[in-house]
Amino acid sequence: MQGSLREALRGDGLVLCLALMNARTPDVPAIAAACGYDAVYVDLEHTSTSLETASMLCAGAVGAGISGLVRVPSHDPSVIARVLDGGAVGVIVPHVNSVGEADAIVDATRFPPLGRRSISGPNAVSGYGQRSATDLTEFLDARTVVAVMIETPEAVADCEGISAVAGVDIVLIGASDLTAEMGIHGQYENAHFHHAVESVAAACRTHGVALGMAGIKSLDLLERFVGEGLRFISAGTDVGMMTEAATTRARALRGLEP
């Protein structure tokens, strides 16, 4: 990816991200880059991956010329700080249900005066070069991506306010959890789900925030949401893509049996 992820999110193109659930080695981001992805995110919400491994994978992403993000397991500001200090270019924060929660996340991710992130030192994102404290914080703040996940009807109802929070870059719809909370789990063609997406998309357009989507495989649906302003797509997981491709190949080979 040429330029920063934040710059790409402000453009008209799509940002494609691969979720790393089972990957534990730094060559995987390079493989993702070779396959055409713009970013990877390391999932700490649904896996046993350590902060150390997440840092290594994010460093691998930097080396591969793509962006490395981390989905943190909670809103804990100490975890968010360690992830960013460890070399993630951004965080994906799950289950953000209100303006107050979005404000707290910005506090944890942005340096003063916008936030309260503690100033550490150079890392993989800054290239480890010598910089003054002011230059370093300006450099990192300009590149740090903050994604908040909308996964409940309450969050959809407050999407206008959440999208308006200064310092938020992506409002990411978690389709699986959202439809589950709506009582229509997995029914991505349901009109109530589409109305929720339209509401969030409109809020994102109003406030100049990128709309993101996770959990949708249908190209037809994604094309529809691109028409609504979708810019960031969580395209799938490492284990999901491996099992899908491996299953397809095994079935084809079984068809050769006499």
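Is it true that some residue in segment 51-65 is of a type in the set (Asp, Glu) and within 25 Å of ILE162 (Cα to Cα)?
Taking every residue of segment 51-65 in turn, none turns out to be of a type in the set (Asp, Glu) and within 25 Å of ILE162 (Cα to Cα).
So in segment 212-239, with the set limited to residues that are touching a residue at least 24 places away in the same chain (Cβ under 8 Å), surrounded by fewer than 21 Cβ atoms within 10 Å (Cβ to Cβ) and of a type in the set (Gly, Ala, Ser), which one is farthest from VAL96 (Cα to Cα)?
By that ranking, first place goes to SER218.
Considering each residue of segment 124-159, count those that are part of a helix (DSSP H, G or I) and either surrounded by 16 or more Cβ atoms within 10 Å (Cβ to Cβ) or not acidic (Asp, Glu) (or both), and give that number.
Result for segment 124-159: 14.
Can you pull out the residues in segment 63-93 that are closer than 20 Å to SER4 by Cβ, without any contact (Cβ under 8 Å) to a residue 40 or more places away in the chain and over 10 Å from the mean Cα position of the chain (by Cα)?
GLY63, ALA64, ILE80, VAL83, ASP85, GLY86, GLY87
Identify the single condition in (1) under 22 Å from ILE216 (Cα atoms); (2) in contact with a helix residue (DSSP H, G or I) (Cβ under 7 Å, 6 or more places away or on another chain); (3) free of Cβ contacts under 8 Å to residues at least 40 places away in the same chain that VAL42 does not satisfy, given that it satisfies every other one.
(3)
Find the strands (runs of 3 or more DSSP E) located wholly in segment 1-96 whose residues include 3 or more that are farther than 25 Å from ASP107 by Cβ, and list them. Walk me through it before giving the result.
On the way: elements: 15-20, 39-43, 67-71, 90-93.
Correct list: 15-20.
Surrounded by fewer than 20 Cβ atoms within 10 Å (Cβ to Cβ), among the hydrophobic types (A, V, I, L, M, F, W, C) and touching a Pro at 6+ places or on another chain (Cβ under 9 Å): does that describe ILE105?
no
Any idea which residue in segment 160-185 is farthest from ARG205 (Cα to Cα), counting only those that are without any contact (Cβ under 8 Å) to a residue 60 or more places away in the chain and either among the aromatic types (Phe, Trp, Tyr) or part of a strand (DSSP E or B) (or both)?
Ranking the qualifying residues of segment 160-185, first place goes to ILE173.
Among the listed residues ALA202, ALA235, ALA246, which satisfies the condition of being within 27 Å of GLY13 (Cβ to Cβ) and assigned to a helix (DSSP H, G or I)?
Numbers: ALA235 fails: assigned to a helix (DSSP H, G or I); ALA246 fails: within 27 Å of GLY13 (Cβ to Cβ).
Step by step, each of ALA202, ALA235, ALA246 is checked, and only ALA202 is within 27 Å of GLY13 (Cβ to Cβ) and assigned to a helix (DSSP H, G or I).
Report yes if GLY13 is over 27 Å from VAL156 (Cα atoms), more than 14 Å from the chain's Cα centre (by Cα) and among the small types (Gly, Ala, Ser), otherwise no.
So GLY13 fails the test.
Read-outs: derived from the displayed coordinates by stated rules, not from any lab. This structure is a prediction, so every number in the text was calculated from the model and none was measured. Quick reminder, even Gly has a Cβ in these numbers, built from the backbone with ideal geometry, and neighbours come from all protein chains shown.
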